Amino acid sequence: MNLFTDFEVRIKNALEQIDIVREKRSELDFGRVGVEPPRDASHGDVATNAAMVLSKPLGTNPRALAEIIVAKLKKDADVAEVSVAGPGFINIRLAVGYWQRLLSTMISEGGKFGRSALGDGRKVNVEYVSANPTGPMHVGHCRGAVVGDALANLLAFAGYAVTKEYYINDAGSQIDVLARSVFIRYREALGEQVGEIPAGLYPGDYLVPVGEALAKEFGTKLRGMPEDQWLPIIKERAIDAMMAMIREDLEALNVHHDVFFSERTLHANGAALIRTAINDLTFKGYVYKGALPPPKGQLPEDWEDREQTLFRSTEVGDDIDRPLIKSDGSYTYFAADVAYFKNKFDRGFNEMIYILGADHGGYVKRLEAVARGVSDGEAKLTVLLCQLVKLFRDGEPVKMSKRSGDFVTLREVVDEVGRDSVRFMMLYRKSSEPLDFDFAKVTEQSKDNPVFYVQYAHARCMSVFRQAKEAFPDLDIASVDLAKAVIGMISDPAELQLIAKVAEFPRIIEAAAQSQEPHRIAFYLYDLASSFHGHWNKGKDLPELRFVNDKNRELSIARLGLVHAVASVLKSGLGITGTAAPDEMR
């Protein structure tokens, strides 16, 4: 149950009862009427802008209209107080009985509370990570992995049919570089002194086991082959080894994909999928032969000062037209992007989200143009860019890794601080903003460490149930109907404030899903944890507020219902972030 949706319906019903509204109903946009928490909680529980947005089309003063709306709302039994503020905002305070019934609903719904039908089962493809299979994942990949995974979890919670996808860039020149790097490690495994790894190749020690495996499988056989014979063999083995490593890294971070799509698929059978995609664009009039002027600044690798086959992407929102086929007849990297998008569209996805690193900002317009051209505007494509992560240890920058040679790997970070700390902290700032990650701060047990603070709140909730069992040894909590127990019992203002914070969850879910901002969940969980810890601390000074009162069994059981609701939302929210909800903190 969404408290704010409920009162939006009630307010619109009240509006329908006003004569001047009924007279001009066809001219009014009720979609602009909003219901939300007031900025200052002391003003009430919910607030609406109804009078502010409807007064002008009605030709009346907003405050005068607000007074009429207030008169209607006062008749609602679930409204304890309603008043006009400022130029016409309406603040509403809800009756205690309403909060009790809402809490009862929260308890009954349990882990389903907050789930939404917003997505209405629509298919959405979220592609994230998609790191080149040339080595272990680094901390830069980590943020995109967490943001993408949490966003996919969030959208699924909000009612979308989500597919989590990883695009394997296994057809580019970097794979040749990988194979040549592995070949050196293969020779090294055979006993050769290879010396320093040549510039331009991958120097990391992570390739040593790959070389050793090749030596075990082939002996000296590959060493005697010309490059055009050993290169494809080593490519295959190297890609498999790197993807196995990447999957292990993702598993360590609790990231799981439904689909691993190989770029080589697009180039198979004479690049049939790429040819089909280009033919489709040609049929629609988006493909032509021509030459592009040199772009300002540094020339891209695919620019040629001669006639090529081009995508007329400027007709669908891009800054410049894009080459599809080079003058020598080979396909550009962009052509594969077009084919990959068409493949997704043909698989039934009308909504697609790409999670990319900050250095891919130049790809946004071209990908959006591809979506418009391929789908005739039917598909919605969103590109979310994740800004850089800077690592610190006690305030000092961390830059190097022994394993990779030149970057800190994702696995090293997870192994040191744990995946829960990594995942939650990667979400504790909007992904479009840079993130500082300090190893010391994310492991301290204090309010200043958000993941500890939120997980501690859930553990405290579980401890309340253990305390209840100690206070009332004969109490079988599993058999108690907590949803019924709260009716008529939970009434303290501090308890109602805690219910109100829990009640925000459905609204947060929908807002975060619509804006595609999973960090909102992390922020909300911290606020909920703060409210719960604050109420817990009040109980230290005021025994009558404690969740378990050994002198009042009935009230204690009712308060267990409140704790159950808090714990359920904390667990659901942590699940969306991909973080554990522990019963105890060790």
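The numbers here are math on the coordinates, done by the rules we state, and not lab data. Please read these numbers as outputs of a predicted model, since none were measured by experiment. Cβ: placed from backbone, ideal geometry, glycine included. Neighbour counts: every protein chain shown.
In this rough spin-label picture, where each label sits 7 Å from Cα along the Cβ direction, the residue 492-residue 39 distance is 3.2 nm. For residue 327 and residue 227, the difference between the fully extended length at 0.36 nm per residue and the C-alpha to C-alpha distance is 33.3 nm. In this structure the amide hydrogen of residue 383, modeled in the peptide plane, comes within under 5 Å of the amide hydrogens of 354, none closer than 5 places in sequence on its chain. The charge dipole of segment 352-507, taken about its Cα centre with unit charges on the Cβ of Lys, Arg, Asp and Glu (plus for the first two, minus for the last two), comes to roughly 460 debye. Computed from the C-alpha gyration tensor, the three semi-axes of the ellipsoid equivalent to the chain are 53, 34, 18 Å, from longest to shortest. Taking the longest Cα principal axis of the chain as reference, the axis of helix 227-252 is set at about 20 degrees.
Taking Cα atoms only, the orientation of helix 96-109 departs from the longest principal axis of the chain by about 40 degrees.
Close amide-amide hydrogen proximity is noted between residue 438 and 392, each under 5 Å apart and 5 or more residues distant or on a separate chain (H modeled in the peptide plane; Pro and chain starts excluded). Each label point was placed 7 Å from the Cα along the Cα-to-Cβ direction; for residue 193 and residue 269 their separation is 5.3 nm. Against the chain, whose longest principal axis comes from its Cα atoms, helix 364-375 is set at around 90 degrees. Using the Cα gyration tensor of segment 491-551, with a ≥ b ≥ c the square roots of its eigenvalues, what is the shape: rounded (a/c below 1.5), prolate (a/b larger than b/c) or oblate (neither)? Taking the square roots of the gyration eigenvalues as a ≥ b ≥ c, segment 491-551 is prolate. Evaluated with a Cβ-only charge set (Lys, Arg +1; Asp, Glu -1), segment 211-261 carries a dipole of roughly 280 debye about its Cα centre, given to the nearest 20.
Report the gain in length on full extension from residue 346 to residue 380: 0.36 nm times residue separation, minus Cα-Cα distance, nm rounded to one decimal. Write down the numbers at each step before the final one.
Details: separation 34, 0.36 × 34 = 12.24 nm, distance 1.38 nm.
Contour length minus Cα-Cα distance gives 10.9 nm.
Candidates 229, 246, 198 compared by Cα position along the dipole of segment 173-252: farthest toward the positive end lies 229, with charges placed on Cβ. Please compute P(r) over all alpha-carbon pairs of segment 3-94, binned at 10 Å starting from zero, and give each bin as a whole-number percent. Bin by bin from 0 Å, the calculated values are 18, 58, 23, 2.
Can you give the FRET efficiency to the nearest 0.05 for residue 392 and residue 515, using r as the Cβ-Cβ distance and R₀ = 35 Å?
On the way: r = 29 Å, r/R0 = 0.83.
FRET efficiency, residue 392 to residue 515: 0.75.
A simple rule links phi to the HN-Hα coupling: the Karplus curve 6.51 cos²θ - 1.76 cosθ + 1.60 with θ = phi - 60°, which for segment 184-199 gives 5, 5, 5, 5, 5, 5, 7, x, 6, 8, 8, x, 6, 5, x, 4 Hz, with x for Gly and Pro. Normalised by 2.2 N^0.38 Å, where N counts its residues, the alpha-carbon radius of gyration of segment 173-252 equals 1.05. Sparse packing (at most 11 other Cβ atoms within 10 Å of the Cβ) combined with a DSSP loop state is found for the following GluC sites (Glu not before Pro) in segment 339-399: 378.
Taking 0.36 nm per residue of separation and subtracting the Cα-Cα distance, full extension of the segment from residue 530 to residue 13 would add 182.6 nm. Within segment 177-210, whose backbone N sits under 15 Å from a point 7 Å along Cα→Cβ of residue 439? Of the residues in segment 177-210, none has backbone N under 15 Å from the label point off residue 439. Highest mean packing comes first when the peptides 460-471, 175-186 are listed by Cβ atoms within 10 Å, giving 175-186, 460-471.
The fraction of Cα-Cα pairs per 10 angstrom bin, counted from 0 for segment 467-583, comes to 13, 41, 32, 12, 2 percent, rounded to whole percents. Ordering 216-226, 250-260, 417-427 by mean Cβ neighbour count within 10 Å, with the highest value first, yields 417-427, 250-260, 216-226. Which entries of 75/551; 72/430; 112/390; 484/538 have Cα-Cα distances beyond 29 Å here? Beyond 29 Å: 75/551; 72/430; 112/390. Modelled spin-label separation between residue 63 and residue 537, with each label point placed 7 Å from Cα along the Cα-to-Cβ direction: 3.9 nm.
Any idea what the dipole of the chain comes to, in debye rounded to 20, about its Cα centre with Lys/Arg Cβ at +1 and Asp/Glu Cβ at -1?
Details: 72 positive and 82 negative charges, 201 e Å.
The dipole magnitude comes to about 960 debye.
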